[in-house]
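Just so you know, all these numbers are worked out from the coordinates, no wet-lab data involved. On a predicted model such as this, the values are computed, not experimentally measured, just so you know. Methodologically, a virtual Cβ is constructed for each residue, glycine included, from the backbone with ideal geometry; neighbour enumeration extends over all protein chains shown.
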Amino acid sequence: MSDFVNNPRRAPRAVIGCDARVALKSGAYFKGPTVDYGPAGCQLVAPEPLAPEDRVFVELRNRDVPDESSLLSGRVAWTAGEAPFRLGVQFDPGSHDAAAYFYGRLAAVHPDLVEVDDVPDRVALDARVVPWKREGDAAVLPGEEEVLLAVGPGIRVRELREKLGDRWEAAVNPLFALLARRLLVVEEAPPPDAPR
């Protein structure tokens, strides 16, 4: 068994709400907000669950990027089984340039909501994660809130895994999302020769 937890998040995300109009291959469509958005995909709220691999065509707008929308295609990567029906959309390679451009526009007007680039590729199970001091209330998703509550004032990643038990697999993505937004940080270990 590995002594590390690997980061499943392959691209940065911004916790920025956009208005989404989503068309399905069947011709049906719905409107809903995004929960987060990045150059490779987004998470949005749907009126009902969609099946993984369903094709979707998404138009995104944000009030802070006026007179501009992003038209993207992709597939459903995952979907929640209960309301609110959140689903993850992975954009097609042909949409990556348009998605990256729109992400850049959003990042320019919301730099505080964009993930930082120094997110670790992996975290050691023996590493200790602690909450970072923050001003005001940061927007967190339900899975992230569960991780924050389990972390409390600080905990080793191995202990966090044991504490969350069956929920651990579902908690890995929120854990790295919190690290990306610096709501959690990996505590620096003292040098091996430091006095205890």
Worksheet item: Which value, in Å to one decimal place, does the Kirkwood hydrodynamic radius take for the chain when every pair of different Cα atoms is included?
Response: 18.0
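Segment 5-84: which trypsin sites (Lys or Arg not before Pro) are DSSP loop and have at most 13 other beta-carbon atoms within 10 angstrom?
Values: sites: Arg9, Arg10, Arg13, Arg21, Lys25, Lys31, Arg55, Arg61, Arg63, Arg75; in loops: Arg9, Arg10, Arg13, Lys25, Arg63.
Here the trypsin sites (Lys or Arg not before Pro) that fit, given the DSSP loop and packing criteria, are Arg10, Lys25, Arg63.
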Response to the item:
Rounded to two decimals, the Debye log10 I(q)/I(0) of segment 39-78 (Cα scatterers, no solvent) at q = 0.14 Å⁻¹ is -0.37
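Relative to the present Cα-Cα distance, how much length would full extension add between Glu68 and Glu82 at 0.36 nm per residue of separation?
Values: separation 14, 0.36 × 14 = 5.04 nm, distance 3.26 nm.
So the chain would gain 1.8 nm between Glu68 and Glu82.
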Worksheet item: If eta is 1.306 mPa s and T is 10 °C, what Stokes-Einstein diffusion coefficient results for segment 41-122, Kirkwood Rh from Cα pairs, in µm²/s?
Response: 113
Worksheet item: For the Cα atoms of the chain, what angle does the longest principal axis make with the long axis of helix 142-151, in degrees from 0 to 90, nearest 10?
Response: 0
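Note down the relative contact order for segment 5-56 as a percent, whole number, built from C-alpha pairs under 8 angstrom at least six residues apart. Intermediate values should be presented prior to the final figure.
On the way: 76 pairs, mean separation 17.1, N = 52.
Here the relative contact order equals 33 percent.
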Worksheet entry | FRET efficiency, Val130 to Asp166 (Cβ-Cβ, R0 25 Å, nearest 0.05) | 0.55
Item to complete: Please give the length that would be gained between Glu187 and Lys31 if that part of the chain were fully extended, namely 0.36 nm times their separation in residues minus their C-alpha to C-alpha distance (nm, one decimal).
Response: 52.0 nm
